[in-house]
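The values are calculated or read from the model by the stated rules, or taken from the named source; none is laboratory data. Remember, predicted model here, so these are calculated numbers, not experimental data. Heads up, the Cβs are rebuilt from the backbone with ideal geometry, glycines too, and the neighbour counts pull from every protein chain shown. All accessible areas refer to the heavy atoms of the entire protein, side chains included, with ligands and DNA or RNA removed. Shrake-Rupley method; radii C 1.70, N 1.55, O 1.52, S 1.80 Å.
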Amino acid sequence: MSVQYYSPGSFTEALQVLERNSNYTLLAGGTDVVPRLNLRQVKDLQGLIYLGNIVEMKKIVEHNEHIFIGALVTHARIAASELLKQKAYNVWYASYHMGTPAIRNAGTIGGNLVNASPAGDSCVALLAAGALASIKSLHENRLVPVKEFFVDKGKTVLKPGEILYGVHLPKAATGIKKGCSYQRIGTLKGSSTAIINIAVEIEQDTEGMCRACRIGAGAVASTSVRLYSLEEIFVDKKMSWSLIEQAVNEVDAYINPIDDTYATAWYRRKVIKVLLKRALAEASGLASEQEEV
Amino acid sequence: MGKVIGHRIPLYDSYRHTTGQTRYVDDIYLPGMLYVKTAKIPVPHARILNIDTTAAERVAGVAGVITHKDVPNNYWGAFVQDQPVLPDKFVRFLGQPVVAVAAVDEDTAYEAVDKVKIDYEELTPVFDPEEAMHPGAPEVHEGGNIAKFGGYDAMMVRLGDVEKGFAESDYIIEHKFRTAMNEHAFLEPHCSVAEADASGHITIYTASQTTSWHQFLICGVLGVPINTVRIVSSPTGGGFGGKSNPATEFVCAILARKTGKPVKWRWTREEEFLISTVRSADIMWMKTGFKKDGTLVARKIRYIQDTGAYNDFGTYGMMKLTSQINGPYRIPNVWFDGYVVYTNKQVTGPMRGYSITQSVSANETQMEIIAEITGLDPIEVRMKNLLQDGDILPTQQVLEAVGVRETLEAVIKASGWYNK
Amino acid sequence: MEVRFVLNGTEVKVDVKPTAILTDILRDKLGVTSVKKGCETGDCGACAVLLDGELVNSCLVLAPTVAGKSVTTVEGLIVNGEIDIIQKRLAEYHGTQCGYCTPGMVMAIKALLNKNPKPSEAEIRRAISGNLCRCTGYQKIVEAVQSITA
Ligand SMILES: Cc1cc2nc3c(=O)[nH]c(=O)nc-3n(C[C@H](O)[C@H](O)[C@H](O)COP(=O)(O)OP(=O)(O)OC[C@H]3O[C@@H](n4cnc5c(N)ncnc54)[C@H](O)[C@@H]3O)c2cc1C
Ligand code: FES
Ligand code: FES
């Protein structure tokens, strides 16, 4: 009955331990796992594999085409990274504004993703960033777009024996200007799950045409989601207030907000319109212009 | 005096707080101490059919299991003794503890709690006090959901002639206000430690806001003389009214006597939210008549206080609020009916400005509306109606030494109201 | 299982269950009752300690993961009988009332000042945003910190 505990010193060792014990729980910062243990919501815990000593998973590396963030990188480190603030603004913003100082010191980006909360802040940011999840097991390495990563609340595409190694954030192509915006509201300023969180990234060419638009949204479905139908409104068009209005008017049809202790679905439907408008305006660069009425 | 006024005087215990030396109840560890956890059912309203603790008692490390049968005088309450320490017939709110287990550690106590079997018949709950007042509503208590005031359904207060007052008014406004339930959310969850000596005398360490009241109630429940129970009031990690009544103490005392060991029960934050007392969510219908110059003439109030599953301080709260229902304002004609209503929610109780705060929101909102209607400055409307020496409250009390005008004048000055 | 770590400068050894939280180990096994339990879900900060110099909620730290690390609590801030300036100023400025949040609050401020000796008011407020205080309204706490950094 007693719970087993492993603390592998390398990634390979972790994969080996997990291969033998695929029913064990991976432990990173513990900020999602441990509250559930303390609240006695976990009934059948067999073992814990603590990833905290695996240095390879704690790296932030800039490559030519993408930036790599190891799954074990904490929110505090992301929040302190000038590189990410400059080149992956939404991912930076999500970590900077989530939780509390102590939570950001412990909680990791990988844990946020695998926890797959409908309102996970990094989840929403990574969706908008067009990020890829680097997933590894002893037998296979695969790169899965984050937009295909979530299956349901708390469920992801990870198979038994697999560990999330890190995420790849693609860089914008040359000649493309990328605009970002992250909007979030919660019940408190510090320490609270988002009531609605939205991340928008818009890629515009030198002519000001929208070449790509990605909208990630949280708490509007059982997982955080991309709002593809709204994205299409902008692609290959010049960004304008009227297109933004159109997206805001249509958003209701594409969401199914959650109803929980933080807010009602009714409230979320109201507030998402405001945040979506702000996010699209900021990411497109229109926010600084006089808003049309 | 010169050393005090205008100087920062640290609280006598503040250095102990900042260095972590203050000993709160949860910081007490006694040799052989046992830990309590309780069994609950997952519904807010039910008839208890059977309680089976045999499997729980067999868990290694369990020292004592108690049900209502172990409580000498199970029902207690400040005004109406309607609240069981551990329920025998009915569960009336979600999370109400039914069986208490004391074991060598919390894990063992939880394990035993999982083995307690409570058979029950689920009953329809009622959560809204107005609904609870309707004939035919699910009964929270046998005999009706409205608490009695000397045989009457309502606490009734009459001053002057309210209908005449309305007739003399230039304007009449009428609103229905609703407030929300409030949790005190002190940082220190409820906790107590009880130990019994060989002669059966009990010492209880607890963070109580009302030590003697605790002693009185605990002796009543245990059926023992008052000199056999000692309450050691420990530093309180926040109370705000929420630690005015015994919470964990009855169970700890009974388990300490039963097991002969010191017993600690510390609530989790979840238990705090589910089973500790809260500020009541009230419904206030208020009709107010006033003159063109803002003078208040008459007010009619129908007040419904949601007391939750048990009366506790409810009756007292209602009596207390009637005197202050109009805030610091003079109204010569008042008609007040106040109801204390049971619902299947946790018990309500004192919280910062006990039972008065709710009506302040209604009262002051109407003062703002009156200012809007009359076109007067909001402060003028208030100044015009302030109580003064010799005025009479709805409850007939004649006032003396009223300082509200000086206070408000000082606030006006300090805030620079007229310069804004 | 056995776990060794450094507590306030001294090496300690404890026998723990893998699921035991650091808060319980400190309080129940090592007698460090300054570390409070307000929620056990990471929300209140009453249990905050420094782990290898970083602020963490000890209620979310599983005991075995502390192996080889160093833990600092308010007791560890007292050097040769001298209390830390944070402990002094919080007391003097009425930054503590009931005191239940205070040890965690002291550690959050310590973590801030270690990294940023001259924080702005906004930085102070951000640094204590994970430490709930139901008594003081935070203003006095902020003033206490400002009195140190001014
Ligand atoms: C007080 C508080 C406030 C919070 N505020 C926010 C907030 O504002 N926004 C927000 O989004 N979240 C918030 N959270 C949730 C949490 O802090 C984050 O989701 C955090 O990123 C989780 O990371 P972790 O390392 O602590 O995960 P853990 O708890 O260690 O793990 C989470 C899950 O991921 C799995 N896992 C972890 N790492 C890997 C990996 N590399 N590969 C495979 N599986 C893995 C674990 O098995 C577990 O199922 C809050 C939590 C608390 C307690
Ligand atoms: S007890 Fe750890 S954060 Fe509240
Ligand atoms: S001083 Fe009481 S909670 Fe902060």
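Could you tell me how many of the residues in region C:1-14 are in contact with a helix residue (DSSP H, G or I) (Cβ under 8 Å, 6 or more places away or on another chain) and surrounded by fewer than 16 Cβ atoms within 10 Å (Cβ to Cβ)?
Count: 2.
Could you tell me how many of the residues in region C:77-119 are in contact with a Pro (Cβ under 9 Å, 6 or more places away or on another chain), open to solvent by less than 20 Å² (accessible area, probe 1.4 Å), within 11 Å of chain B (Cβ to nearest Cβ) and in a helix (DSSP H, G or I)?
Final tally of qualifying residues: 1.
Checking the condition more than 10 Å from the chain's Cα centre (by Cα), closer than 30 Å to residue B:8 by Cα and away from ligand 1 (no atom under 15 Å from the Cβ), which residue from C:111, C:91 passes?
C:91
Consider residue B:267 carefully, then state whether it is of a type in the set (Phe, Trp, Tyr), in contact (Cβ under 8 Å) with a residue 60 or more places away in the chain and within 19 Å of residue B:337 (Cα to Cα).
Judged against the criteria, residue B:267 is not a match.
I'd like the full set of residues that are at pLDDT 85 or above, touching a helix residue (DSSP H, G or I) at 6+ places or on another chain (Cβ under 9 Å) and not in a strand (DSSP E or B), limited to region A:173-193.
Correct list: empty.
Condition test on residue A:108, is it near ligand 1 (Cβ under 6 Å from one of its atoms), within 14 Å of chain C (Cβ to nearest Cβ) and surrounded by fewer than 18 Cβ atoms within 10 Å (Cβ to Cβ)?
So residue A:108 does not fit the description; no.
Any residue in region A:69-81 that is surrounded by 20 or more Cβ atoms within 10 Å (Cβ to Cβ), away from ligand 2 (no atom under 16 Å from the Cβ) and more than 21 Å from the chain's Cα centre (by Cα)?
No, that holds for no residue.
Just wondering, is there one or more residues in region B:249-261 that are crowded, with 24+ Cβ neighbours inside 10 Å and either within 14 Å of another protein chain (Cβ to nearest Cβ) or in a strand (DSSP E or B) (or both)?
no
Test of understanding: among B:308, B:353, which residue is modelled with pLDDT of 95 or more, more than 25 Å from residue B:166 (Cβ to Cβ) and small (Gly, Ala, Ser)?
Sole residue among the options that is modelled with pLDDT of 95 or more, more than 25 Å from residue B:166 (Cβ to Cβ) and small (Gly, Ala, Ser): B:308.
Output yes when any residue across region B:166-184 is within 16 Å of ligand 1 (Cβ to nearest atom) and either within 14 Å of chain C (Cβ to nearest Cβ) or open to solvent by 60 Å² or more (accessible area, probe 1.4 Å) (or both), and no when none is.
no
Give C:74, C:32 a once-over and let me know the one that is buried (at least 21 other Cβ atoms within 10 Å of the Cβ), within 16 Å of ligand 3 (Cβ to nearest atom), in contact (Cβ under 8 Å) with a residue 24 or more places away in the chain and of a type in the set (A, V, I, L, M).
Of C:74, C:32, the one residue that is buried (at least 21 other Cβ atoms within 10 Å of the Cβ), within 16 Å of ligand 3 (Cβ to nearest atom), in contact (Cβ under 8 Å) with a residue 24 or more places away in the chain and of a type in the set (A, V, I, L, M) is C:74.
Where in region A:1-53 are there strands (runs of 3 or more DSSP E), lying wholly inside it, with at least 1 residues that are open to solvent by 40 Å² or more (accessible area, probe 1.4 Å)?
A:4-6, A:25-27
Taking the criterion of being over 13 Å from residue C:148 (Cβ atoms), among the hydrophobic types (A, V, I, L, M, F, W, C), in a loop (DSSP other than H, G, I, E, B) and touching a Gly at 6+ places or on another chain (Cβ under 7 Å), would at least one residue in region C:55-64 satisfy it?
Scanning region C:55-64, I find at least one residue that is over 13 Å from residue C:148 (Cβ atoms), among the hydrophobic types (A, V, I, L, M, F, W, C), in a loop (DSSP other than H, G, I, E, B) and touching a Gly at 6+ places or on another chain (Cβ under 7 Å), so the answer is yes.
For every residue, the table says whether it meets (1) touching a residue at least 40 places away in the same chain (Cβ under 8 Å); (2) away from ligand 2 (no atom under 16 Å from the Cβ); (3) more than 11 Å from the chain's Cα centre (by Cα); (4) not assigned by TED's automatic domain parsing to the domain that holds residue C:7.
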| position | (1), (2), (3), (4) |
| --- | --- |
| C:40 | no, no, yes, no |
| C:44 | yes, no, yes, no |
| C:64 | yes, yes, yes, no |
| C:67 | yes, yes, yes, no |
| C:97 | no, yes, yes, yes |
| C:138 | no, yes, yes, yes |
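Going by what's in this entry, would residue C:122 be described as open to solvent by 50 Å² or more (accessible area, probe 1.4 Å) and within 14 Å of chain A (Cβ to nearest Cβ)?
It is true that residue C:122 is open to solvent by 50 Å² or more (accessible area, probe 1.4 Å) and within 14 Å of chain A (Cβ to nearest Cβ).
For region B:7-40, what are the residues that are more than 11 Å from chain C (Cβ to nearest Cβ), open to solvent by 10 Å² or more (accessible area, probe 1.4 Å) and of a type in the set (A, V, I, L, M)?
Within region B:7-40, just B:30 meets the criteria.
Before we move on, is residue A:63 open to solvent by 20 Å² or more (accessible area, probe 1.4 Å) and either within 14 Å of another protein chain (Cβ to nearest Cβ) or within 16 Å of ligand 2 (Cβ to nearest atom) (or both)?
No: the conditions fail for residue A:63.
May I ask you to say which residue of A:71, A:80 is more than 15 Å from ligand 1 (Cβ to nearest atom) and either within 14 Å of another protein chain (Cβ to nearest Cβ) or under 23 Å from residue C:19 (Cα atoms) (or both)?
Only one candidate passes the filter, namely A:80.
Considering only region A:236-278, state which residues are open to solvent by 50 Å² or more (accessible area, probe 1.4 Å) and assigned to a loop (DSSP other than H, G, I, E, B).
A:236, A:237, A:256, A:259, A:260, A:261, A:262, A:264, listed by residue number.
When region A:36-52 is examined, which residues are found to be under 15 Å from residue A:114 (Cβ atoms) and either more than 7 Å from chain C (Cβ to nearest Cβ) or acidic (Asp, Glu) (or both)?
A:36, A:49, A:51 - these are the residues of region A:36-52 that are under 15 Å from residue A:114 (Cβ atoms) and either more than 7 Å from chain C (Cβ to nearest Cβ) or acidic (Asp, Glu) (or both).
Would you call residue A:97 of a type outside the set (A, V, I, L, M, F, W, C), more than 16 Å from ligand 2 (Cβ to nearest atom) and under 19 Å from residue A:170 (Cα atoms)?
no
Quick one: in region A:173-189, of everything that is buried (at least 16 other Cβ atoms within 10 Å of the Cβ) and under 24 Å from residue A:83 (Cα atoms), which residue is farthest from the other protein chains (Cβ to nearest Cβ)?
Once the filter is applied, the top-ranked residue is A:178.
Identify all residues within region A:192-217 that are in contact with an Asp or Glu (Cβ under 6 Å, 6 or more places away or on another chain) and open to solvent by 10 Å² or more (accessible area, probe 1.4 Å); write none if there are none.
A:211, A:212, A:214
Could you list, in sequence order, all residues of region C:40-53 that are assigned to a loop (DSSP other than H, G, I, E, B), buried (at least 24 other Cβ atoms within 10 Å of the Cβ) and either within 10 Å of chain A (Cβ to nearest Cβ) or aromatic (Phe, Trp, Tyr) (or both)?
Answer for region C:40-53, where residues must be assigned to a loop (DSSP other than H, G, I, E, B), buried (at least 24 other Cβ atoms within 10 Å of the Cβ) and either within 10 Å of chain A (Cβ to nearest Cβ) or aromatic (Phe, Trp, Tyr) (or both): C:40, C:42, C:44, C:45, C:47.
Out of (1) assigned to a loop (DSSP other than H, G, I, E, B); (2) open to solvent by 10 Å² or more (accessible area, probe 1.4 Å); (3) within 16 Å of ligand 2 (Cβ to nearest atom), what's the single condition that is false for residue B:270?
All conditions pass for residue B:270, except number (1).
Can you tell me which of (1) away from chain C (no Cβ under 14 Å); (2) in a loop (DSSP other than H, G, I, E, B) is the one residue B:214 doesn't meet?
It fails just one condition, (2).
Read through the list (1) assigned to a loop (DSSP other than H, G, I, E, B); (2) within 26 Å of the chain's Cα centre (by Cα), then give the number of the only condition that residue B:361 fails.
(1)
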